[in-house]
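*Asks:* Pasting in a structure now, in structure tokens, and then I'll have a few things to ask.
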Number of protein chains: 2
Amino acid sequence: MKRVMLIVAYDGTNYHGWQAQPNGITVEQVLNQALSELFGEEIAVIGASRTDSGVHSLGNAAVFDTCARMPAEKISYALNQRLPEDIVVQESLEVPLAFHPRKCESRKTYEYRILNRRFPLPTRRRDTYFYYRPLEVEKMQQGADYLVGIHDFKSFCSVHSQAQETVREIFSCKVEKNGDLVTIRITGGGFLYNMVRIIAGTLIQVGIGERKPQEIPFILEKKNRNAAGPTAPAHGLTMIGIDFKKELTGQ
Amino acid sequence: MKRVMLIVAYDGTNYHGWQAQPNGITVEQVLNQALSELFGEEIAVIGASRTDSGVHSLGNAAVFDTCARMPAEKISYALNQRLPEDIVVQESLEVPLAFHPRKCESRKTYEYRILNRRFPLPTRRRDTYFYYRPLEVEKMQQGADYLVGIHDFKSFCSVHSQAQETVREIFSCKVEKNGDLVTIRITGGGFLYNMVRIIAGTLIQVGIGERKPQEIPFILEKKNRNAAGPTAPAHGLTMIGIDFKKELTGQ
């Protein structure tokens, strides 16, 4: 038997998120079905990041076990033949049998993309959040800087979360403007439920001057969801990728 | 009465191109209907670029006449309320009554976007053409350089075209690589039917070494559609914008 990791990209528009659930089709369900058909055995993946409904991915990770002889590297090609065009496996590789993508150290990177212009652009309506009030990117970056490090992010966690422990480490949070696209790129050891979207919603408030960058430490201190800004819409969020290097190579 | 110009962006995925036709819904028809409803009179726009089925736009132009009192600048806001999310007017402005967007001097810019990587990216499947064989961008640029200037582009014109005159002027043709996105950006005084897509299909052949850049002048000389490469798919093409400066300001 071997354990195979898949790096999975998807357009989340038509899915009820990653995790299998009874009320709508999810990325996990589609993957499980395609894998089960491909190998002729019941397969259930374990996902690294359980992205919400509407959230996109360039590089989410999932593992599954199989006794099939197909080399791990070939599985991506065979699987993509059976997947719809809004889910594409970017890579497949063998990992140790003990490797679990949620129960290990990793660095996850997300991007929240804001299309900041007078009118929306139809071709970017699915993977960016359109926001017309001009954003001051330097101020957003000043606010973002306060988030880097180890903090209790309870204020930036959905009240619907069941997380007991709300301390997380953020390695970097960069706000960049490229033409009319403002991108918040954030890398951390792990994220709470809706955390990146609440950070985005709060930094947007900073960007329009509704809050000062210096308020961020006080929001963290309050440990209360009401202290932070709104949850920015799901379709602006993309899971960029997960770095398991330390876990997989020991470096 | 006044003549109003609209700058129109659209995701062409769900339209049978720009021009009104009996077999499917077009951008022109949707605009005409929204304008007619808005002003309570029958309105028919004149488009600058009659883009094909599946082609996108950031800045196509169209004009119409109305006696309505609404200031031209406000029409974009009112119209966008009545348009579907895949068509968004970016600007509306008054132009001289004699201005006709096809019967005047202008500079049109198109981009052909190629996603050049091992596997497709679901979030870019609508507005880029996925091509997995690695492209040599420098060679594509060498080939593109031969297209700049005044040439007979008959070899780069669909056989279904009814154009009598196939001489056109290309002001610039730049091939750029940004990550895994290869963009052919071309500006010209006018384009023949399928011209940009045939140029893209031919430059892709140059990019994979199937043709040499130096063949381009010979392809032009032949004045025969069969001499050029295939027509690249419509969904990789975006109409970027049209510069009417000379016509509208006299400069």
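The values are calculated or read from the model by the stated rules, or taken from the named source; none is laboratory data. For clarity, every value in this text was computed on a predicted model and none was experimentally measured. Reconstructed Cβ throughout: ideal geometry from the backbone, glycine too, with neighbour counts over all protein chains shown. Each accessible area value is taken on the protein alone, full model and side chains, heavy atoms only, with ligands, DNA and RNA left out. Shrake-Rupley method; radii C 1.70, N 1.55, O 1.52, S 1.80 Å.
*Asks:* Suppose we keep just the DSSP beta bridges with both residues in chain A; what percent of those would be antiparallel, to 5? Don't jump to the answer; show the numbers that get you there.
*Replies:* Details: 44 of 48 bridges.
Of the beta bridges lying entirely in chain A, close to 90 percent run antiparallel.
*Asks:* Determine the equivalent ellipsoid of the range A:32-81 by diagonalising the alpha-carbon gyration tensor, then write out the semi-axes as square roots of 5 times the eigenvalues, largest first, rounded to whole Å. Don't skip to the end; give the middle numbers.
*Replies:* Details: eigenvalues 92, 29, 22 Å².
Largest first, the range A:32-81 gives 21, 12, 10 Å.
*Asks:* In addition: For chain A, take the longest principal axis of its alpha carbons; what is the angle in degrees between that and the long axis of helix A:27-39, to the nearest 10 within 0 to 90?
*Replies:* So the inclination is approximately 10 degrees.
*Asks:* A follow-up question, please. Only residues of the range A:7-37 count here: report those whose backbone N is under 13 Å from the spot 7 Å along Cα→Cβ of residue B:117, or say none.
*Replies:* A:7-11
*Asks:* State the answer as a single residue: which of B:142, B:104, B:128 lies farthest towards the positive end of the charge dipole of the range B:74-153, with beta carbon charges of +1 for Lys and Arg and -1 for Asp and Glu, about the Cα centre.
*Replies:* Of B:142, B:104, B:128, it is B:128.
*Asks:* Considering the dipole of chain B built from charges on the beta carbon (Lys and Arg +1, Asp and Glu -1) around the Cα centre, which of B:72, B:4, B:18 is farthest to its positive end?
*Replies:* B:18
*Asks:* Something else: Would you mind working out the magnitude of the charge dipole of the range B:157-251 relative to its Cα centre, with +1 at each Lys and Arg C-beta and -1 at each Asp and Glu C-beta, to the nearest 20 Debye? Numbers along the way, then the final one.
*Replies:* On the way: 12 positive and 9 negative charges, 17 e Å.
Computed about the Cα centre, the dipole is about 80 debye.
*Asks:* Roughly what % antiparallel, to the nearest 5, for the DSSP beta bridges in the protein assembly as shown? Please report the intermediate quantities before stating the final value.
*Replies:* On the way: 88 of 96 bridges.
Of the beta bridges lying entirely in the protein assembly as shown, close to 90 percent run antiparallel.
*Asks:* How much area per residue is accessible in the range B:192-251 when the probe is 1.4 Å and only protein heavy atoms are counted (Å²)?
*Replies:* Working: 2730 Å² over 60 residues.
Value for the range B:192-251: 46 Å² per residue.
*Asks:* Please state the relative contact order of the range A:1-75 as a whole percent: Cα pairs under 8 Å, 6+ residues apart?
*Replies:* On the way: 127 pairs, mean separation 33.4, N = 75.
The value is 45 percent.
*Asks:* What list of ³J(HN,Hα) values in whole Hz, one per residue of the range B:72-86 in order, does the Karplus curve 6.51 cos²θ - 1.76 cosθ + 1.60 (θ = phi - 60°) give from phi, with Gly and Pro shown as x?
*Replies:* 3, 5, 7, 4, 3, 5, 5, 5, 4, 5, 9, 9, x, 6, 8
*Asks:* How large, in percent, is the carbon and sulfur part of the accessible surface of the range B:2-103 at a probe radius of 1.4 Å?
*Replies:* 48 percent
*Asks:* What does the buried accessible surface come to for B and A, summed over both chains, with the probe at 1.4 Å? Round to 100 Å².
*Replies:* 2200 Å²
*Asks:* Farthest toward the dipole's positive end in the range B:107-243, which of B:153, B:226, B:214, given Cβ charges of +1 (Lys, Arg) and -1 (Asp, Glu) about the Cα centre?
*Replies:* Towards the positive end, the residue furthest out is B:226.
*Asks:* Please tell me which of these pairs span more than 32 angstrom C-alpha to C-alpha: A:2/B:177; B:103/B:154; A:74/A:108? Let's see the in-between values first.
*Replies:* Details: A:2/B:177 38 Å; B:103/B:154 21 Å; A:74/A:108 25 Å.
Where the Cα-Cα span goes over 32 Å, the pairs concerned are A:2/B:177.
*Asks:* In percent, what relative contact order does the range A:66-217 have, based on Cα pairs under 8 Å that are 6 or more apart in sequence?
*Replies:* 25 percent
*Asks:* Tell me, what is the per residue accessible area of the range A:1-159 in Å², probe radius 1.4 Å? Display every interim value, and only then the final one.
*Replies:* Values: 7070 Å² over 159 residues.
It amounts to 44 Å² per residue over the range A:1-159.
*Asks:* If I take R0 = 45 Å and measure r between the Cβ atoms of residue B:246 and residue B:210 in this structure, what FRET efficiency does the formula 1/(1 + (r/R0)^6) give, to the nearest 0.05? Could the numbers behind the result be given before it?
*Replies:* Details: r = 39 Å, r/R0 = 0.86.
Efficiency for this residue pair is about 0.70.
*Asks:* Something else now. Under a Cβ-only charge scheme (Lys and Arg +1, Asp and Glu -1), can you give me the dipole magnitude of the protein assembly as shown about the Cα centre, in debye to the nearest 20? All intermediate terms of the calculation are to be shown ahead of the outcome.
*Replies:* On the way: 62 positive and 56 negative charges, 91 e Å.
So the magnitude is around 440 debye.
*Asks:* From the helices alone, meaning DSSP H stretches of at least four residues, give me the mean residue ellipticity at 222 nm for chain A, per-run term -39500 (n - 2.57), in deg cm²/dmol to the nearest 500. Write out the running numbers ahead of the final one.
*Replies:* Numbers: 6 runs with 56 residues, N = 251.
My calculation for chain A gives -6500 deg cm²/dmol from helical runs alone.
*Asks:* Continuing with this model, one more query. Rounded to whole Hz and in sequence order, give me ³J(HN,Hα) for the range B:226-237 from the Karplus expression 6.51 cos²θ - 1.76 cosθ + 1.60, θ = phi - 60°, writing x for Gly and Pro.
*Replies:* Computed from phi, the couplings for the range B:226-237 are 5, 6, 8, x, x, 7, 5, x, 4, 5, x, 9 Hz.
*Asks:* Sticking with this structure for a sec: Once amide H atoms are built 1.01 Å from N in the peptide plane, which residues 5 or more positions from residue B:190, or in another chain, come under 5 Å H to H?
*Replies:* The answer is B:108, B:169.
*Asks:* Next question. Please report the Cα spread of the range A:191-251 along all three principal axes, rounded to whole Å, starting with the longest.
*Replies:* Principal axes ranked by extent give 45, 28, 19 Å for the Cα atoms.
*Asks:* Sequence-distant or interchain residues sharing an amide H contact under 5 Å with residue A:172, placed H: which?
*Replies:* Counting only residues 5 or more places away or on other chains, the set is A:187.
*Asks:* Quick one: what are the phi-derived ³J(HN,Hα) couplings along the range A:188-198, Karplus 6.51/-1.76/1.60 with θ = phi - 60°, whole Hz, x for glycine and proline?
*Replies:* Per residue, the Karplus-derived 3J(HN,Hα) values read x, x, x, 10, 7, 4, 6, 4, 5, 5, 6 Hz.
*Asks:* Moving on to the next point. Using a label point 7 angstrom from Cα along Cα-to-C-beta, what distances in nm, from shortest up, separate residue A:159 from the other copies?
*Replies:* Result for residue A:159, in nm, nearest copy first: 6.8.
*Asks:* Give me the accessible area of residue A:37, 1.4 Å probe, in Å² rounded to the nearest 10.
*Replies:* Counting only protein heavy atoms, residue A:37 exposes about 100 Å² to solvent.
*Asks:* Which value, in debye to the nearest 20, gives the size of the charge dipole of chain B about its Cα centre, when Lys and Arg are +1 and Asp and Glu are -1 at the Cβ? Please list the in-between numbers first.
*Replies:* Numbers: 31 positive and 28 negative charges, 127 e Å.
Charge dipole of chain B: 600 debye, to the nearest 20.
*Asks:* Could you work out how far apart the two model spin labels at residue A:222 and residue A:69 are, taking each label as a point 7 Å from the Cα in the direction of the beta carbon, and quote it in nm?
*Replies:* 6.3 nm
*Asks:* Hey, another quick one. Relative to the present Cα-Cα distance, how much length would full extension add between residue B:180 and residue B:148 at 0.36 nm per residue of separation?
*Replies:* Values: separation 32, 0.36 × 32 = 11.52 nm, distance 2.53 nm.
Full-extension gain reported as 9.0 nm.
*Asks:* Nearest 5 percent is fine: what portion of the DSSP beta bridges confined to the range A:107-243 is antiparallel? Mind showing how you got there, number by number?
*Replies:* Numbers: 26 of 28 bridges.
Antiparallel: roughly 95 percent of the beta bridges in the range A:107-243.
*Asks:* From the Cα gyration tensor of the protein assembly as shown, with a ≥ b ≥ c the square roots of its eigenvalues, which class applies: rounded if a/c is under 1.5, or else prolate if a/b is larger than b/c, or else oblate?
*Replies:* Details: a/c = 2.15, a/b = 1.39, b/c = 1.54.
Taking the square roots of the gyration eigenvalues as a ≥ b ≥ c, the protein assembly as shown is oblate.
*Asks:* Quick check: the distance between the Cα centres of the range A:72-146 and the range B:207-233, to the nearest angstrom?
*Replies:* So the two Cα centres are separated by 38 Å.
*Asks:* Something else now. Rounded if a/c is under 1.5, else prolate if a/b beats b/c, else oblate: with a ≥ b ≥ c from the C-alpha gyration tensor eigenvalues square-rooted, which is the range B:82-128? Write down the numbers at each step before the final one.
*Replies:* Values: a/c = 5.22, a/b = 1.93, b/c = 2.71.
It is oblate, given that a/c is not under 1.5 and a/b is not larger than b/c.
*Asks:* Does the range A:107-243 classify as rounded, prolate or oblate by the C-alpha gyration tensor (a ≥ b ≥ c root eigenvalues; a/c under 1.5 gives rounded; else a/b over b/c gives prolate, otherwise oblate)?
*Replies:* Values: a/c = 1.69, a/b = 1.40, b/c = 1.21.
It comes out prolate by the Cα gyration axes.
*Asks:* Suppose R0 equals 25 Å. What FRET efficiency, 1/(1 + (r/R0)^6) with r the Cβ-Cβ distance, do residue A:42 and residue A:94 give to the nearest 0.05?
*Replies:* Details: r = 20 Å, r/R0 = 0.82.
Once rounded, the FRET efficiency stands at 0.75.
*Asks:* Moving on. With label points built 7 Å along Cα→Cβ from the Cα atoms of residue B:159 and residue A:159, find their separation and express it in nm.
*Replies:* 6.8 nm
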